Amino acid sequence: MKLSYSRMILRMDTKSTPFDRRQAVIDTFLSVVATRGVESASFRTVADEAGVSLGTVQHYFRTREDLLAATYGEVLRRIRSRIEALEQDGDARERLQRVVHELLPLDPVRRDECAIHLAFAAVAPSRPALQELQSRALGELHDGIAHLVLEAGAATDLERALLLARAVTATADGLALHVLSTGGAPTPEVLTSTMGTVLDRLLTTAGSR
């Protein structure tokens, strides 16, 4: 049986660094959450999935809450890094669309990230560390989108722009949930078209006020 990259890293104790092995635990945990949900992702499940001892997992994360926080933080970091790396050419509407597309399940990577993000968001209210991570990430995302909304002329003040930013991210979350709960429908093409229509309506209607 072919080993996953994470499993190979965890078994290559003499060749991989502690950072590599810690990251491999996180990657394995992410895989489990994406396919089975947060509540099914235990230390034992991660150890079994990675083909290592329970002690190996516990060596890098003292508690499950530590692993949950590190894993959720990793997903948010990946999304933020992709958004920061987006091309900055084009008008504000085009750049806003690129940002929003990173929040939609348009390919296997983003689909898994959406599943993980929604799974963590569902349990965050009862876990302060996750709630803080989510609140900080959403705040940064809303600020970035709000400034694009202002640049597009769809709002004249930051308060109104933030309101529209929340509407944009809520729509993206809703579309992602719809895809994940229906087994893949609608298609990526329908998703981008739907989101484009929503953006046009929000920006045009708001800008005319």
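Out of ARG111, ARG78, one residue alone is in contact with a Pro (Cβ under 8 Å, 6 or more places away or on another chain), basic (Lys, Arg) and either over 21 Å from GLY196 (Cα atoms) or not assigned by TED's automatic domain parsing to the domain that holds THR28 (or both). It is ARG111.
Residues satisfying the criterion are absent from the range 85-105 (criterion: part of a helix (DSSP H, G or I) and over 18 Å from GLY196 (Cα atoms)).
Please find, among ARG22, ARG36, ARG77, the residue that is at pLDDT 90 or above and either crowded, with 21+ Cβ neighbours inside 10 Å or not hydroxyl-bearing (Ser, Thr, Tyr) (or both). So the residue among ARG22, ARG36, ARG77 that is at pLDDT 90 or above and either crowded, with 21+ Cβ neighbours inside 10 Å or not hydroxyl-bearing (Ser, Thr, Tyr) (or both) is ARG77. Restricting to the range 106-155, and then to whatever is out of contact with any Leu (no Cβ under 8 Å at 6 or more places or on another chain) and charged (D, E, K, R), can you tell me which residue is surrounded by the most Cβ atoms within 10 Å (Cβ to Cβ)? Once the filter is applied, the top-ranked residue is GLU113.
The values are calculated or read from the model by the stated rules, or taken from the named source; none is laboratory data. Model, not experiment: these values are computed from the prediction. As a convention, Cβ positions derive from the backbone with ideal geometry for all residues, glycine included, and neighbour counts pool all protein chains shown.
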